[in-house]
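Everything below concerns the one structure shown next.
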C-alpha cells in the first residue's frame, strides 16, 4: 500500500492531514490440562485519517482501504473538525505533529513462524503436564501469545515512519486444591512475561523447568500459613514492582490525566502541574525513567503516534518529580516537559498519553543485603489482585506467593499476601533498592485507559525493593 | 452490512469441503466518538469497522481466526477465502480437541432497531451549549452496532441497533463529582437538557464541606450504579460453570460447601430487555431468562456447549467465556424515597470504582467509593465523604449484612468500548447493608 501516493491524492481543505495504517496479527494458543482450548489468530488492518482544521483535530478510522473510501473518510473528518472547532478545548497548530522520518524493528532471534502450530501446541501440552507435579494440582494452563504489528505513518508536513514489531507473551499456571483451600501460581503474574522477543522464549527445557517450579509452589501454598496482619517491612520482587510502578507512578504522571481528560473514566491524579520540580515523590533512592530503548522490553519504539522521537528521560530523579508522561499535545496544553508517549492501541483509536517502558532504575543493594536487613517482614512476588483509587493514591495489591522474613532470613511460606498504602508515603518509605543483579524486565499487554477505551502494551523493569513499615494482611 | 454478511457467509459455507464444519461471526460498528473535557471538545472522530470471525472444525480438531472487512464484497470474499485456506492448513496440524462442539443450530433470527441520532457533525452543537459553565468531562458515543452469526448447518442470526450515549462526570471546583449517563435510541433535545439540569442540581449537594471518615464497618446504602459494578464481578470468576469446575470462582463455596447469600438476593440472566442479542458466537440462542441465584441459593450457572460437553451437563448456550450478557437483579420493597430514612446513620455510596477480587475463592472484593458518596445522619445527608477503599466478602455484604433492596431496578448501560461499543446493560436495584467494611 503506497501511503504517500494515497496522501497526495486526498482532496480536502485541511491545515494538516496524517494517515496511520496499522496491520496486526495476534496469535493465541491456550492448552488446559493437556487439551487445546484455543488456537486462534486475529488479523486486523485499517487506516486512521486525521485532519487539523481551525486548530481542532478530528479523525476517521476506516477498514475500507481503497482510494474512494479514504477520500470519504478524510471529507468526513474535515466536517467533524470544522463543527468541533467552535468548541475546542485547545487550539492546536502544526507543532503538535512534528516531522518524523525513520523506522524501527523489534529485536528478535526467531521469527513468529519458527514454530509450526503443531510444534507450539505440543510444547504447551508438555508444559501442562510439567505443571501437574501432584494430584493436588486440579487445573493447569499454558498459553502463548504472539503479536506481529506493522505501522506506517505519513503526514502532509513530511512525516514518514515505519515501525515493525514482534511481541511474545507466555504464561503457565497451576491451581492446587485440597479440602477448602485453593491456591494458584503463575509465571510471575498473568502474562507478565511479555517481551519484544521472538520465539526463542519457548526454549523447551527452560519452559518445563519453570512449569515444574510453578506447580510445586502452588502445592506448597496449600499448607502455608496465612500471611500475617500488621505493619511490617515489605520486600517486593520485580514482578510485583511492575504493577506497583504502573499503578502508583505511571498513571499518576500521565499529563492528560493531570489535565483532567480521564476524570470520567480512569480518573484524575493527585499530581498537579505545579508539582513538577517540587514534589518529593519518593525516597532519594527512587529514579524512574521513560526508556523506549531497553532491549526486548515490551513497549520499545522509535516514534510515538504523533511523530515525536522517543528518547530516554528521567521522570523522577532521586525521588524528585521532574517530568511527566505526556506527548506533544499534552506538552502544548500544559507547558510541562513530557516524553514521546502519544500512543494509540490500533488504527481505530486516536492517540492519548500512555505509559511505554517505565522503569525503576537499579540501586546498590544485593539481594542478600536487602533480606539480611529485615528483622520482621514479608517478601511478596507475582501480582494477583490490584485496585487503586481514581487519584492514584489509596491502593491495595495482592500477590500469589509470600515468604516471612525473620531476623534477616527468608523463613516460612505464606499464602494470600496483600498490602495497602498511599502512593507518596509508600514510595518515600523505599528503604533499600536492589542492584543490577536483581533487576528484571516485565511487561503486560493489558493496560486499559481512554474514552473510547483502549488496551495497550506497556513494559516495566525494576530491581528488588524494600519498603519500610507497610500495612500487610492475609486472605478472607 | 447485513447483505454483505449474508453473501459472504452463503458463499463461504458452500465452498466447504467434506468433513469441514464452520461457524462465522460478524461484528461491526459505525460510531462517532466525541470526547469532552471542561465542557469543550478534546477529541472527536468516527470509526467504521467490521470483522469476520471463523471457527473451523475438521477431524475432531478446531481452530479459529478473524479478518477485517473492507465493505467491498469482492475484496472481502477474497480475504475470507484466504483466511479459510490458512485455517485449513493449520487445523490438520493441531491436536484433537475432545470438547469441541460442532455448530448444529439451524435457528435463524433477525433484529434491526432503527434509531434517530444526530449526524456526527451536528453533535457538538446539540450537546455542548446545554452544559453551560459547568465542568463536564465525558464521552459521547453514537451510531450503529452490528452482530451476526452463521454456520454450515444453516443457522443464521442478524442483530443491528442504533444507539447513543453521553456518559459524563460533573465536577465542582472542590473536585467533588456527580456521574450520569444519558442514553437511548431516539434523540430528544428537551429530554437531554432536562436530564443534564437534574445532574447539575445534584452537583449542588456536593458543595457541602467533605467529611473524612475513619476505616471501619458502617451501615451503607449502595445505589444501583454501584451494585452494577459489584454484579459485573460475577462475570469474572463467578457464574461460569467452567470457572467453578476449575476452582476459579467465588461461587465455588455455594456449590461445594453449601454457602448461601441473603434470601433477598436473586440474580438472573434475562434477555427480555432486548439490549443484547440472545444468540452467542456459535449462533446458539440462550433461554430468555435463566435464574442463577434465587433467594440466596445457587440454582444454575452459565454453561457453554463446550463446558457442557466436558463436564456432562446441559448447556444453556452461554457465550464461550460464560460471562453474563444480560444481568438482572430482582427488586425488593424499599422505596427509593425512604432510602435515607432506612439507612439512618451511615454511608450512602452512589458509585464504586476499580473493583478487583482481593480473594476470589473467598468471595472478597476490594475497590473504591467514587462520585456522589455521602455521610448520612438520622436520615439526612450531612456531607460528601472523602473516597474510601472497601474490602469485603460477597458472603457478608450480600449475605447476612444485606438488609433490604430497593423496589426499583435501574438500567445501567454498559458504555464500554474496548473491543467496540458494548450492547448490554445491568439492571438492578440499590442495596441497604447492615455493615460494609471500609479499610483505608
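The values are calculated or read from the model by the stated rules, or taken from the named source; none is laboratory data. None of the values given here were measured: they were computed from a predicted structure. Methodologically, a virtual Cβ is constructed for each residue, glycine included, from the backbone with ideal geometry; neighbour enumeration extends over all protein chains shown.
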Failed item in (1) closer than 28 Å to residue B:35 by Cβ; (2) in a helix (DSSP H, G or I); (3) free of Cβ contacts under 8 Å to residues at least 60 places away in the same chain, with residue A:70 passing the rest: (3)
Some residue of region A:371-386 being assigned to a loop (DSSP other than H, G, I, E, B), touching a residue at least 40 places away in the same chain (Cβ under 8 Å), surrounded by fewer than 24 Cβ atoms within 10 Å (Cβ to Cβ) and touching a strand residue (DSSP E or B) at 6+ places or on another chain (Cβ under 7 Å): yes
Residue A:295 being within 30 Å of residue A:56 (Cβ to Cβ) and either surrounded by fewer than 24 Cβ atoms within 10 Å (Cβ to Cβ) or over 21 Å from the mean Cα position of the chain (by Cα) (or both): no
Filter result (modelled with pLDDT under 95 and part of a strand (DSSP E or B)) within region B:113-145: B:113
Selected residue (criterion: nearest to the chain's Cα centre (by Cα)) from residues of region A:191-214 that are surrounded by fewer than 23 Cβ atoms within 10 Å (Cβ to Cβ) and farther than 21 Å from residue A:112 by Cα: A:210
Identity of the residue in region A:49-62, more than 12 Å from residue B:34 (Cα to Cα) and touching a residue at least 60 places away in the same chain (Cβ under 8 Å), that ends up farthest from the other protein chains (Cβ to nearest Cβ): A:50
Region B:215-245, subset over 20 Å from the mean Cα position of the chain (by Cα) and surrounded by fewer than 22 Cβ atoms within 10 Å (Cβ to Cβ), residue nearest to residue B:311 (Cα to Cα): B:245
Among (1) within 14 Å of chain A (Cβ to nearest Cβ); (2) in contact (Cβ under 8 Å) with a residue 60 or more places away in the chain; (3) buried (at least 23 other Cβ atoms within 10 Å of the Cβ), the one test that residue B:392 misses: (2)
Residue B:361, sole failed condition from (1) surrounded by 23 or more Cβ atoms within 10 Å (Cβ to Cβ); (2) within 10 Å of chain A (Cβ to nearest Cβ); (3) in a strand (DSSP E or B): (3)
Test: residue in region A:32-44 that is assigned to a loop (DSSP other than H, G, I, E, B), within 12 Å of another protein chain (Cβ to nearest Cβ), in contact with a helix residue (DSSP H, G or I) (Cβ under 8 Å, 6 or more places away or on another chain) and closer than 30 Å to residue B:87 by Cβ: yes
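The rows are residues; the columns are (1) within 13 Å of chain B (Cβ to nearest Cβ); (2) modelled with pLDDT under 95.
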| residue | (1), (2) |
| --- | --- |
| A:413 | no, no |
| A:423 | yes, no |
| A:445 | yes, no |
| A:459 | no, no |
| A:468 | no, no |
| A:471 | yes, no |
| A:476 | yes, yes |
Hits in region A:106-129 - residues which are away from every other protein chain (no Cβ under 12 Å) and outside any helix (DSSP H, G or I): A:106, A:107, A:108, A:109, A:110, A:111
Residue match in region B:102-120 (condition: buried (at least 20 other Cβ atoms within 10 Å of the Cβ), within 14 Å of another protein chain (Cβ to nearest Cβ) and in contact with a helix residue (DSSP H, G or I) (Cβ under 6 Å, 6 or more places away or on another chain)): yes
Every residue from region B:231-248 that is within 11 Å of chain A (Cβ to nearest Cβ) and part of a loop (DSSP other than H, G, I, E, B): B:237, B:246, B:247, B:248
Residues located in region A:68-105, provided they are surrounded by fewer than 20 Cβ atoms within 10 Å (Cβ to Cβ) and away from chain B (no Cβ under 14 Å): A:93, A:94, A:95, A:98, A:99, A:101, A:102, A:103, A:104, A:105
Exclusive hit being more than 7 Å from every other protein chain (Cβ to nearest Cβ), under 26 Å from residue B:263 (Cβ atoms), buried (at least 21 other Cβ atoms within 10 Å of the Cβ) and touching a residue at least 24 places away in the same chain (Cβ under 8 Å), set B:397, B:374: B:397
Count of residues meeting criterion [closer than 25 Å to residue B:266 by Cα and in a loop (DSSP other than H, G, I, E, B)] in region B:182-230: 1
Region A:286-305: number of residues that are within 22 Å of residue A:465 (Cα to Cα) and not in a strand (DSSP E or B): 6
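What number of residues within region B:330-358 are within 8 Å of another protein chain (Cβ to nearest Cβ) and free of Cβ contacts under 8 Å to residues at least 24 places away in the same chain?
2
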Qualifying residue in region A:91-108 (condition: farther than 24 Å from residue A:310 by Cβ and under 32 Å from the mean Cα position of the chain (by Cα)): yes
Which listed residue, of A:256, A:261, is touching a residue at least 24 places away in the same chain (Cβ under 8 Å), buried (at least 24 other Cβ atoms within 10 Å of the Cβ) and assigned to a helix (DSSP H, G or I): A:256
Candidates A:133, A:154 - the one that is touching a helix residue (DSSP H, G or I) at 6+ places or on another chain (Cβ under 8 Å), assigned to a strand (DSSP E or B) and over 18 Å from residue A:457 (Cβ atoms): A:154
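Table: residues versus (1) more than 14 Å from chain A (Cβ to nearest Cβ); (2) touching a residue at least 12 places away in the same chain (Cβ under 8 Å); (3) out of contact with any helix residue (DSSP H, G or I) (no Cβ under 9 Å at 6 or more places or on another chain); (4) within 30 Å of residue B:57 (Cβ to Cβ).
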{"position": "B:140", "(1), (2), (3), (4)": "no, yes, no, no"}
{"position": "B:162", "(1), (2), (3), (4)": "yes, yes, yes, no"}
{"position": "B:166", "(1), (2), (3), (4)": "no, yes, no, no"}
{"position": "B:176", "(1), (2), (3), (4)": "no, yes, no, no"}
{"position": "B:185", "(1), (2), (3), (4)": "yes, yes, yes, no"}
{"position": "B:191", "(1), (2), (3), (4)": "yes, no, yes, no"}
{"position": "B:195", "(1), (2), (3), (4)": "yes, yes, yes, no"}
{"position": "B:211", "(1), (2), (3), (4)": "yes, yes, yes, no"}
Whichever residue in region A:391-400 is touching a residue at least 24 places away in the same chain (Cβ under 8 Å) and surrounded by 24 or more Cβ atoms within 10 Å (Cβ to Cβ) and, among such residues, is nearest to the other protein chains (Cβ to nearest Cβ): A:396
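Quickly run through region B:158-177 and pick out the residues that are part of a strand (DSSP E or B) and over 25 Å from the mean Cα position of the chain (by Cα).
Of everything in region B:158-177, just one residue is part of a strand (DSSP E or B) and over 25 Å from the mean Cα position of the chain (by Cα), namely B:171.
Determine whether region A:438-455 contains at least one residue that is touching a residue at least 40 places away in the same chain (Cβ under 8 Å), farther than 30 Å from residue B:422 by Cα and not in a strand (DSSP E or B).
The answer is yes, given that some residue of region A:438-455 is touching a residue at least 40 places away in the same chain (Cβ under 8 Å), farther than 30 Å from residue B:422 by Cα and not in a strand (DSSP E or B).
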